[in-house]
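J.: Below you'll find the structure I mean.
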Amino acid sequence: MDAVFLSIDCGSSESYTDENGIEWTGDDAYIQNGDNKTVAYPSLVPYPMSTMRVFSTRKKNCYSFKVDEGERVLVRASFYYGNYDRKNSPPVFDLQFDGNFWTTVNTSLRSYDVLSYEAIYVVKRNFTSICVAQTKPGQLPFISAIEVRSLGINMYSQVPSNLALHLIQRAAMGANQTIIRYPDDAYDRTWNGAYGFGLSEVASQALSINITTNNSPPTAVPKNAVVSASTSHIIILFTDLPAKPTPVYIATYFSEVLLLNPTQKRSFQLCIDDKPISDPIIPPFASASEAYVTNRIASASNSFSLRATSDSTLPPLVNAMEIYTVSNPLTNGTNVKDGEFHLASTCILRA
């Protein structure tokens, strides 16, 4: 079948195209259970967040979407309580995919904010299911939107097919604090504009940038970067990792912003807790390279940084990064007892 690019406005019966050119459809064709509701102040939120489907019966309710077996997909599930029931009682419930626990959705922490969760995983059948499950009496699960995107065959292939990635953050450095997504990113990943304290934002001198790396970042991402003040200054990557040690996957993206002369060299290494874990990274001009941290247990107590090598005449730079936690091995749709998951550290460089 063709690549999947679905945007489901849960609790709605209409179809429309949003300001990004994304076609949305209501969820009537995907589920029969549940009740359509509208938030208290719909004009205050993006249009897909103004409606929701609320489930007052069954402990677990699921949506199913046809995809190719063995395909890697990106799924984004969004929730906005918005006091739809006028009770000021935001619920807590579980989110699952294909029989696997995804996260606990706690809308009481941010009842007037949109909560979005994104996962990347390989589908083991010819469909994928997204479910919400009641975990507390009287607290009704709901969902506002589901987005399903097929990914390219080589994207995130450094991660074994029996593991899922759960997004913590995806940042485009020096991107003027704007959000890069579809149509700039054909896979509709959302790249939040970011900067750093003590770092300079620099635009690329390249007229065009050729992207051939596995994860296929959009060309808008390497058009900007942040650089440190000098070769003696490092770039600290803020990861927002949880306090508890957990398996992580980190992808960093590099593209030289200057057309260097023969006397100039930019070379640096990725470090964890001030110890280099990569070979020297030399960003290509008018192209891009990636460095991945895989098979690594890390937490908020670990520091990630870029440090210039001794022969570098220019300070380190970074264009973008993605931070994920890695799941336990996935089930085929049935729950299994969780086990411990131990990994060794690896850093891979690719251009």
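The values are calculated or read from the model by the stated rules, or taken from the named source; none is laboratory data. Every value quoted in this text rests on a predicted model; they were computed, and no experiment measured them. Here the Cβ is made from the backbone with ideal geometry for all residues, glycine too, and neighbour counts use every protein chain on show. What goes into the accessible areas is simple: the full protein's heavy atoms, side chains included, and nothing from ligands, DNA or RNA. Shrake-Rupley method; radii C 1.70, N 1.55, O 1.52, S 1.80 Å.
J.: Between the alpha-carbon centers of region 106-179 and region 38-76, tell me the distance in whole angstrom.
T.: That distance is 11 Å.
J.: So what J values fall out for region 4-20 if you push phi through Karplus, 6.51 cos²θ - 1.76 cosθ + 1.60 with θ = phi - 60°, rounded to Hz, Gly and Pro as x?
T.: Once θ is set to phi - 60°, the couplings for region 4-20 become 8, 9, 10, 10, 10, 8, 6, x, 10, 10, 9, 10, 6, 10, 8, 5, 8 Hz.
J.: Would you please give the residues with an amide H less than 5 Å from that of GLU256, counting only those at least 5 places away or on a separate chain, with H modeled from the backbone geometry?
T.: Long-range HN contacts for GLU256: PHE285, ALA286, SER287.
J.: Provide the FRET efficiency to the nearest 0.05 for the ASN88-ALA286 pair, computing r from the beta carbons and using R0 = 45 Å.
T.: Numbers: r = 54 Å, r/R0 = 1.21.
Result of the calculation: an efficiency of 0.25.
J.: Pull out the extension gain between ASN332 and ASP2, defined as 0.36 nm times the separation in residues minus the alpha carbon to alpha carbon distance; nm, one decimal.
T.: Details: separation 330, 0.36 × 330 = 118.80 nm, distance 2.33 nm.
116.5 nm is the gain from fully extending ASN332 to ASP2.
J.: LYS124's amide H: which non-local residues (gap 5+, or another chain) put their own amide H closer than 5 Å, with H modeled 1.01 Å from N in plane and none for Pro or chain starts?
T.: Under 5 Å from the amide H of LYS124: GLY70.
J.: Still on this structure, I have one more. Note the full-extension length gain between ILE297 and THR190 as 0.36 nm times their separation in residues minus their Cα-Cα distance, in nm to one decimal. Show your work: numbers first, answer last.
T.: On the way: separation 107, 0.36 × 107 = 38.52 nm, distance 2.52 nm.
Going from the current span to full extension adds 36.0 nm.
J.: OK, next. Anyone know which of PRO137, PRO262, PRO242 comes out most mobile in the 10 Å Cα GNM of the chain?
T.: Checking each option, the largest mean-square fluctuation is seen for PRO262.
J.: For the chain, what is the percent of antiparallel DSSP beta bridges, rounded to the nearest 5? Please list the in-between numbers first.
T.: Details: 92 of 100 bridges.
Here the share of antiparallel DSSP bridges comes out near 90 percent.
J.: Could you work out which residue, out of GLY34, GLY11, GLY21, moves most in a Gaussian network model of the chain, that is, has the largest mean-square fluctuation with Cα springs under 10 Å?
T.: GLY21
J.: What does the extension gain come out to for GLU14 and SER230, with contour length at 0.36 nm per residue minus their alpha carbon separation?
T.: On the way: separation 216, 0.36 × 216 = 77.76 nm, distance 5.45 nm.
That pair, GLU14 and SER230, stretches by 72.3 nm at full extension.
J.: According to a simple spin-label model (label point 7 Å from Cα along Cα-to-Cβ), what is the distance in nm between LYS244 and GLN32?
T.: Distance between the two pseudo-spin positions: 3.8 nm.
J.: Continuing with this model, one more query. If R₀ is 22 angstrom, what is the calculated FRET efficiency for the pair ARG58 and THR25, using the beta carbon separation as r and rounding to 0.05?
T.: Values: r = 23 Å, r/R0 = 1.06.
Here the calculated transfer efficiency is 0.40.
J.: Oh, and also: Rolling a 1.4 angstrom probe over the protein chains, ignoring ligands and nucleic acids, what is the accessible area of ARG76 in square angstrom, nearest 10?
T.: Near enough 20 Å² of accessible area.
J.: Please work out the FRET efficiency for the pair LEU260 and THR212, using the Cβ-Cβ distance as r and a Förster radius of 25 Å; give the result to the nearest 0.05. If you can, show how the numbers build up before the last one.
T.: On the way: r = 20 Å, r/R0 = 0.82.
FRET efficiency, LEU260 to THR212: 0.75.
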